[in-house]
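The values are calculated or read from the model by the stated rules, or taken from the named source; none is laboratory data. This one's a predicted model, so the numbers in the text were calculated from it and none came from an experiment. Remember, those area values only see protein heavy atoms, side chains included, never the ligands or the DNA or RNA. Shrake-Rupley method; radii C 1.70, N 1.55, O 1.52, S 1.80 Å.
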Amino acid sequence: MNIHEYQGKSILTKYGVAVQRGYVAHSPGEALEAAKKLKAETGTGWFVVKAQIHAGGRGKGTITETGSRGVVLAKSLEEVPQKAEAILGGHLVTLQTKAEGKKVSKVYIAEDVYAPGASEPKEFYMSILLDRSAGKNVIVYSPEGGMNIEDVAHNTPEKIFKEMIDPLTGVNDFQCRRIAFNFGLSGQAMKEMGIFVKSLYNAYVGCDAAMFEINPVLKTSDDRVIAVDAKVTLDNNGLFRHKDYAEMRDTTEEDSIEVEASNADLNYVKLDGNVGCMVNGAGLAMATMDIIKLSGGDPANFLDVGGTADAKRVETAFRIILRDTAVKAILVNIFGGIVRCDRVAQGIVDAYKNIGDIKVPIIVRLQGTNAVEAKKLIDESGLQVHSAITLQEAADQVKAVLEL
């Protein structure tokens, strides 16, 4: 589950990670009040107005309606509501959004942390995620942080460093020193970086995150180390342990079809293809998508109806698949072990009757528990479906209907 920057920073703060302070606002008036509050608390005279969407590259992104960037600087209190108004309600287009962009419904009013001092502020990049091949967490970092980190990874990969962290021991002091050394830090800044790294790692583990990305990590002119941005992805499987984090979910930032599927307890992921898939079991779903690809089609989704699929659940799955206008055919591939094939077949029949005229060709492969009864239900229903026995047969049927 993705969360907004201001939500990610609230989590980081609980674990002692120093962050760029700020307040969320939903209107220009709220933005002004947030700025006044910040000025009273921090003394800042400049304010950063940041669009809050689930996408990176906001600093380079553009609001289509006004031409404003997704992250702008207000050099006075009076400028804050103007800057916020140019962002709120608009659609922000970045390299990580679709062409139409994402609508901005809230902004984050943050303190200015780039004030000049004894030394120049420096921007770094840092992220934490799981390296599945190594069975360890990994800190990925670079001394070249900021808006051009993608270019750094592409043009100068030698500036991207990794620190493997054993989950049994956590971050060691020598690893913190190595990170600080690769950042070119010394003295107080090195000590601050060590505190930052350990606190960030504790936050990553403590909130069951799938990924933390802090870009930039800023060494201020007075040698403090703070998180200026926070991109946080939480592991859905751990949300039962964090009810407060689960409430941070913003469904307006998610695909509406995926939200509907989630509410129906269906494992659904929208893809960019033209063949809808309804399968039981993640492994079989992956194999089904592979065979669709090999047959010349492209999977339009991953959809696992699970082992407790009944007629109502299958009908809901059908409705969700059919909401995708790119779907030109549907492949139902069920192996009846826990789930009974006749229940799935009844769901297909009910879906046809309740949804109405379905113009999309349907290929059905039902094997396993009560497969004979399931085939009888389908055959006697009068539905226009293409039946298959083997997975290859099903793939051939997909290819045939797509070529019509």
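Could you please state how large a percent of the accessible area of segment 287-330 is carbon and sulfur, counting protein chains only and using a 1.4 Å probe?
Carbon plus sulfur share of accessible area: 53 percent.
Among the DSSP beta bridges whose two residues both lie in the chain, what percent are antiparallel, rounded to the nearest 5?
Of the beta bridges lying entirely in the chain, close to 75 percent run antiparallel.
Consider just the alpha-carbon atoms of segment 229-313 and return their Rg together with their Dmax, both in angstrom.
15.1, 46
Please give the Cα centre distance for segment 16-52 versus segment 94-131, rounded to the nearest Å.
Centre-to-centre distance over Cα atoms comes out at 14 Å.
Starting from the coordinates of the alpha-carbon atoms of segment 182-272, obtain the Kirkwood hydrodynamic radius over all distinct pairs and give the value in Å to one decimal. Working shown, then result.
Values: mean 1/r = 0.0633 Å⁻¹.
Roughly 15.8 Å, rounded to one decimal.
Please give the calculated 222 nm ellipticity per residue for the chain, where each DSSP H segment of at least 4 residues contributes -39500 (n - 2.57) and the sum is spread over every residue; nearest 500 deg cm²/dmol?
When only DSSP H runs of four or more count, the value is -10500 deg cm²/dmol.
Nearest 10 degrees, 0 to 90: what angle lies between the long axis of helix 282-294 and the longest principal axis of the chain (Cα atoms)?
Taking the Cα atoms of the chain, the angle to 282-294 is about 80 degrees.
Probe of 1.4 angstrom, ligands and nucleic acids ignored: what's the accessible area per residue over the chain, in square angstrom?
In whole numbers, the chain has 48 Å² accessible per residue.
I'd like the carbon and sulfur percentage of the solvent accessible area for segment 1-149, probe radius 1.4 Å, heavy atoms only, ligands and nucleic acids excluded.
Taking all protein chains in place, segment 1-149 shows 53 percent carbon and sulfur surface.
Regarding segment 5-81, what's the average projected area of the Cα-atom convex hull, expressed in nm²? Don't skip to the end; give the middle numbers.
Values: hull surface 22.4 nm².
Averaged projected hull area, Cα only: 5.6 nm².
Can you give the alpha-carbon Rg of segment 118-233 over 2.2 N^0.38 Å, where N counts its residues?
Dividing the Cα radius of gyration by 2.2 N^0.38 Å gives 1.00.
For the chain, what size does the Cα cloud have along each of its three principal axes, sorted from largest down, in whole Å?
82, 47, 40
Using only Cα atoms, tell me the angle between helix 311-322 and the longest principal axis of the chain; keep it within 0 to 90° and round to the nearest 10.
So the helix axis and the longest Cα principal axis differ by about 60 degrees.
Looking only at Cα atoms, what is the convex hull volume of segment 37-125 per residue, in Å³?
For segment 37-125, the hull spanned by Cα atoms encloses 108 Å³ per residue.
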